[in-house]
Amino acid sequence: MSPGARPEALKTCQVLVLGGGMAGLCAALAAAQAGVRVALADPAEARLIGGNARHGRNLRLPHAAPTGRIVDRYPGQELLADLTRIADPEVAGEALWRALFVAQAARVPGWLAAAGVAFQSPGDGLLPYSRKTAFFLGGGQALVNALVAAVRHHRVALCPGWAGRAVDPKGPTVGLEHAAGERLEVSPPALVVASGGYQANRGWLAETWGEAARHLVVRGTPHAEGALLRQLLDHGAAPVGAPGACHLVAVDGRAPRFDGGIITRVDGLAHGIVVDRLGRRVTDETVDSGPTRYSRWGWRVAHMPAQIAHAVFDADGLAAGQRQGPCSVFPPLTAPDLTTLALLIGVHGPSLIRAARSSGRVGNPPFAAFPIRPGITATHHGVAVDTSGRVRRASGGVWPAVFAAGTVMAPTLLGTGYLAGSGLTIAAVSGRLAGQGAALTARQGEAADV
């Protein structure tokens, strides 16, 4: 698309949404359903609209009884307890937001289904058991495709290649730049910032992570650089979460620098040993076997020298690990003996041999290894919002025409914690609320002008 193809829509919209991930798509859809003119700008090219949602697969949803999308029961009070357990109790207004989130999350699947999003049936035997999450039929890309079709149906002007570079929330005024170099400044009646975190901004991460920031593998979009989040904070938005806080998982060290997604995770570590780059064993690998094992190993590797480790298996351990599911999407590095394997993966041979012997689990050749890096999903540092999605100011009050949705405000609910399956639910709930609020603000502003 040429840079000049969409500036008129960006100039004349009543609600401008910045960010084309799930939160932005839901905000655009909700605002358009309210009957206002909506434009959505995203720095990605058209085929990569969707941000991290392209790699998602499920929603955490409260439900009082089994449905066609999810089994058993997961009452709203249990979801509220899960949120409360991991969230920061010191954040003002957070308890009210959590209660609102639980109430709204129950309505999300019906709203998404009406927009064309399809869910996998839990009775077909293709899914892991989960009473807390519903899975998308076709995964995250199918979800994004359905939402893009829905916003187009509601005449939202999709503007791929347009990145928000600056925002003054007092206007609000937004500076936009197209990938081809064209620049534009607009002042929409209402604005929704849904541009995500800053996990792809290594310079910003280095402010807290130092040299380690260079070695964090970004699991999702390369466009999550946090320019608009930084601007809002610099203008005095109330911060939530903590600088540098993020969700990490263990990924294969051969994964691409960006957009590797969920398939690059490394698993099966309990069937072997994990050593650092000096060949030293890290911990008892059998301790972590639950669903949090990915994130626990991500954090461990992030604090190792050069942020690199290796999972090492013997023949029996590799077979056992592969039976529960592939240890990695990449093939193992193999060798007939541990000395040769140490040379292959670049660790100290005698240390690796001592670690293998002491474990009692790595002794039957041939041997195999997978390199491990910490993969960053999203940052847990954002701006606080009120229950309509308006961005709160640190000095008190809100900016009446500036809303936030998705990762940029998710610490309002989660603080620096993480709850599996909650990311896309937060995106859908906050996006819908922000879109509805922005549409109402735009209409009230026009009525006042008249």
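Under 5 Å between amide hydrogens, built in the peptide plane, is the criterion, and for A190 it picks out L16 among residues at least 5 positions away or on other chains.
Residue-wise HN-Hα couplings along segment 294-307, as the Karplus relation 6.51 cos²θ - 1.76 cosθ + 1.60 with θ = phi - 60° gives them from phi, are 4, 6, 4, 6, x, 5, 4, 5, 4, 9, 8, x, 6, 6 Hz; Gly and Pro carry x.
Working note: Karplus 6.51/-1.76/1.60 with θ = phi - 60° gives segment 369-380 the couplings 8, 10, x, 10, 10, x, x, 9, 8, 6, 8, 10 Hz, where Gly and Pro are set to x. Between T387 and T292, what FRET efficiency comes out of the Förster formula 1/(1 + (r/R0)^6) with R0 = 25 Å and r the beta carbon distance, rounded to 0.05? Step by step, r from the Cβ atoms, then E = 0.25. Rounded to the nearest whole Hz, the Karplus-based 3J(HN,Hα) values (6.51 cos²θ - 1.76 cosθ + 1.60, θ = phi - 60°) of segment 37-46 follow the sequence 7, 10, 10, 10, 10, 8, x, 6, 5, 4, with x at glycine and proline.
Taken along the Cα-to-beta-carbon direction at a fixed 7 Å, the label points for L343 and T84 span 6.1 nm.
Taking the accessible area of segment 34-151, probe 1.4 Å, and keeping the other protein chains in place, the carbon and sulfur fraction comes to 57%.
Ligands, DNA and RNA are left out, and with a 1.4 angstrom probe the accessible area of segment 247-375 is 43 Å² per residue. Placing unit charges on the Cβ atoms of the charged side chains and taking the dipole of the chain about its Cα centre, the candidate lying farthest along the positive direction among H215, H154, I376 is H154. Relative contact order for segment 247-375: 39 percent, from Cα pairs under 8 Å spaced at least 6 residues apart, divided by residue count.
Close amide H pairs (under 5 Å, H built 1.01 Å from N) link V240 with G382, V383, A384, residues at least 5 positions away or on another chain.
Using C-alpha pairs below 8 Å separated by at least 6 residues, the relative contact order for the chain is 23 percent. Using the rule -39500 (n - 2.57) for each DSSP H run of four or more residues, divided by the residues of the chain, the 222 nm mean residue ellipticity is -10000 deg cm²/dmol.
Each label was represented as a point 7 Å from its Cα along the Cα-to-Cβ direction; for E45 and L333 these points are 3.3 nm apart.
Spacing of the modelled spin labels on T173 and W299, each 7 Å from Cα toward Cβ, amounts to 4.4 nm. For G415, the residues whose amide H sits under 5 Å from its own are D88, ignoring neighbours fewer than 5 places away on the same chain, with H placed 1.01 Å from N. Quote the accessible area belonging to Y418 in square angstrom, nearest 10, computed with a 1.4 Å probe and with ligands, DNA and RNA left uncounted. Around 100 Å² of this residue is reachable by solvent. Only one of [x] 31, 27, 21; [y] 36, 22, 21; [z] 41, 23, 20 was calculated from the structure for semi-axes √(5λ) of the Cα gyration tensor in Å, and its label is [z]. Among the protein heavy atoms of segment 247-375, carbon and sulfur supply 57% of the accessible surface, probe 1.4 Å, non-protein parts ignored.
The values are calculated or read from the model by the stated rules, or taken from the named source; none is laboratory data. In this text the structure is predicted, and so the values were computed from the model without any measurement. Note that each Cβ is placed from the backbone with ideal geometry, even for glycine, and that neighbours are counted across all protein chains shown. Just the protein is used for accessible areas: all its heavy atoms, side chains included, with ligands, DNA and RNA removed. Shrake-Rupley method; radii C 1.70, N 1.55, O 1.52, S 1.80 Å.
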